[in-house]
Structures are given as C-alpha cells and as structure tokens.
Amino acid sequence: MSVEILARIQFAFTIGFHYIYPPLSIGLGLILVILEGLYLRTKDKRFEMAVRFWIRIFALIFGIGVATGIIMEFEFGTNWAVYSKYVGDIFGSALAAEGIFAFALESGFLGVLIFGWNRVKPPVHFFSTIMVFCGSLFSAVWIVVANSWQQTPAGFHIVGSGMNARAEITDFWAMCFNPSSVDRILHVWIGAILAGAFLVLSVNAWYLLHGKHLHFFKSEPARFAIPLLMVFSIANIPRQVKVGKYRYAFISSAVTIALLLIMVALEVFPYLLYSPQRPADSITIYNAASSPRTMRILLIMALIGTPLVGVYTSFVFWTFKGKVRLDEMSY
C-alpha cells in the first residue's frame, strides 16, 4: 500500500470522525438559545433544567470537536505538504479567519455559558449563549468557504512555476463568495440544525421508551424539537429541488409527514382513544395491545412473509427493468 493511500485513509478517518461534532454543535447551539429564551420569558424551571442538561452535552461535543480539529489541522501539513504550500495563502487565510473571528468568539463565551449560571445576570448568560451559537455559525461559514474554493476557485492567480508555484488572493470577497460557497453554506446550516434537533429528539425518545421523566414530555421543553425539525425539513425541500436532488426533497417531505404523526402521537400519549366522560375506559397503548401469543404469531408471519415480499418485488423489478420507455404518451 502506497504512502499516498495511507495518507488518504488517515485523513479520511480524522475528518470523518471530526465532522460528526461541529454540525451537532451548531444545531444544539440554536436549541440552547431557544430553550434559554423560553426560560427567561416564562420562568419555567423545566426550561432551565433542559438548558442545564444540554449545556453539558454541548460542552462535551465542543471539546471532542476541538481535539479532533487540531489533529486535522496538523494533517494538512504532514499529509499534504506540497498542496498546503501551493494553496496555503488562500486556504490558510480562511482557516485563520475561522480561528480569529469564529472560534475565539465561540470558545470565549463558552466559559460564561458553562460556568456563569450563578456568576452573571440571566440576560448576560443568555447573551453568551447567543454568541456561542453565532460563533458556531461563523465557524461553518469560513470552513465552507475554504472547502468551496477548492471546488470552484475564484479571486486568485498563480505566482511562480513548477514546484515553486503557489496561489495568491487577488480578490478576497470573490474568494469568499465563490460560485458554490453560498449554496454550500445554506446546505451545511440546514443540515446542522436538523442534526441538532434529531439529537434532542432521539434522547427524548430514549427517555420516553424507558419510562423516565414522563411528565417532561407533556410540556413544551420536550416537544419544541419536533416543530423545529418540521420547519427545517420543509425549508430543505425547495433547496433540494433547486439543485436537482429530487430524492432528498422527497425524503425531506416524508420526514415532515413522519414528524407530524410523531407530534400527534406524543400529544395524545398513551391514549389511542380518549373518553372524556369515563377516562378509566379510554383505550391506551397498554390495554389495546394484543396478547403475547398473538404477537408471536404475527412475528412468525412477518418473518415468513417479509422475505417472500422481497423476492417477489425483486422478481418484478428485474422482469420489467429496461422494458419501460418514457415518451410523449408516458405519465
């Protein structure tokens, strides 16, 4: 195995693991802003409990992201030394801007966010939460600018030749707003907010399935993540259609419908049919469940029937594959 392949594997592992955490910090940062804003407005202690819980998760995510990001920064030079020398004046400027304008803002106010609950006034703490979220947004901007410039370079010229050639910036704003940067930034922001909302929703679902903190799920702190997901899932549909990715637009619409059903289910949980006159006779997911014997029979039928359906579907697909043509009579 060549040194180049080993360098690619190492860098792919580093950046693949690192990229799990920055999008989560962006999405979770927005959720922290919403939760703390609701707490300041309503003085509901449940919002404060939710903020304090998710701040701990945010700090952990931020720490892992920083640790893996530093390793990735060094690998630019150790694994891709010649490339770093060639584009360092451009690529490095975007990374430096991320460190100066975004990371410093985020990490500076993060200390107030974590340790300032009883040391600063509530509005000051809320302001620090907003600044941490803004810092994560700005961080994404500069990283995406650096990446987008590699895909659609603009605002530069080549100086020198051969191994001494290097790229220099001629127009800083053209470099920042290269042909693909804006679309990529919107893509990253929407994806990051969806990731953060799904993180909150999944943790809530885990507690719900294990019967813990059930009183919390009948209150707004636990339910707001679902409408937030719905909003950004809907916002993602026209963006995917615009770039021609109709499959992802369909997935976003399907997620929106699923989230709507989940929100209704959580609202009526554990009731399937509620009786206002005689609540004791209401049908719930517990008294409406089938007997264990019935469930075992259904499981056996599913284990037998699912493979048969898969085989039949595959047979139909391969039978008609290539035999259907699109013309003016198609619909």
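Select from segment 92-103 the residues that are in contact (Cβ under 8 Å) with a residue 24 or more places away in the chain and either closer than 22 Å to residue 55 by Cα or of a type outside the set (Gly, Ala, Ser) (or both) and list them in ascending order.
95, 98, 101, 102, 103
What do you reckon, is residue 272 surrounded by 12 or more Cβ atoms within 10 Å (Cβ to Cβ) and either in contact with a strand residue (DSSP E or B) (Cβ under 7 Å, 6 or more places away or on another chain) or in contact (Cβ under 8 Å) with a residue 60 or more places away in the chain (or both)? Spelling it out, residue 272 is indeed surrounded by 12 or more Cβ atoms within 10 Å (Cβ to Cβ) and either in contact with a strand residue (DSSP E or B) (Cβ under 7 Å, 6 or more places away or on another chain) or in contact (Cβ under 8 Å) with a residue 60 or more places away in the chain (or both). Quick one: in segment 155-197, which of the residues that are over 19 Å from the mean Cα position of the chain (by Cα) and among the small types (Gly, Ala, Ser) is surrounded by the most Cβ atoms within 10 Å (Cβ to Cβ)? It comes out as 167. For segment 137-154, a residue qualifies if it is touching a strand residue (DSSP E or B) at 6+ places or on another chain (Cβ under 9 Å) and surrounded by fewer than 17 Cβ atoms within 10 Å (Cβ to Cβ), and exactly one does: 153.
One residue alone among 312, 286, 248 is in a loop (DSSP other than H, G, I, E, B), within 37 Å of the chain's Cα centre (by Cα) and free of Cβ contacts under 8 Å to residues at least 40 places away in the same chain, and that residue is 286. Annotation: residue 94 fulfils all but one of (1) at pLDDT below 90; (2) within 24 Å of residue 117 (Cβ to Cβ); (3) under 23 Å from the mean Cα position of the chain (by Cα); the unmet one is (2). Beta carbons closer than 9 Å, at least 6 apart along the sequence or on distinct chains, pair a first residue in segment 127-150 that is farther than 23 Å from residue 88 by Cα with a second that is of a type in the set (Gly, Ala, Ser) and not in a helix (DSSP H, G or I) for 128/116. The number of residues in segment 262-298 that are of a type in the set (S, T, N, Q) and in contact with a helix residue (DSSP H, G or I) (Cβ under 9 Å, 6 or more places away or on another chain) comes to 2. Only residues that are farther than 19 Å from residue 53 by Cα and of a type in the set (S, T, N, Q) were counted in segment 112-138, giving 1.
The values are calculated or read from the model by the stated rules, or taken from the named source; none is laboratory data. Note that this is a predicted model, so its numbers are computed, not measured. FYI the Cβ positions are ideal-geometry reconstructions off the backbone, even for glycines, and counts take in every protein chain you see.
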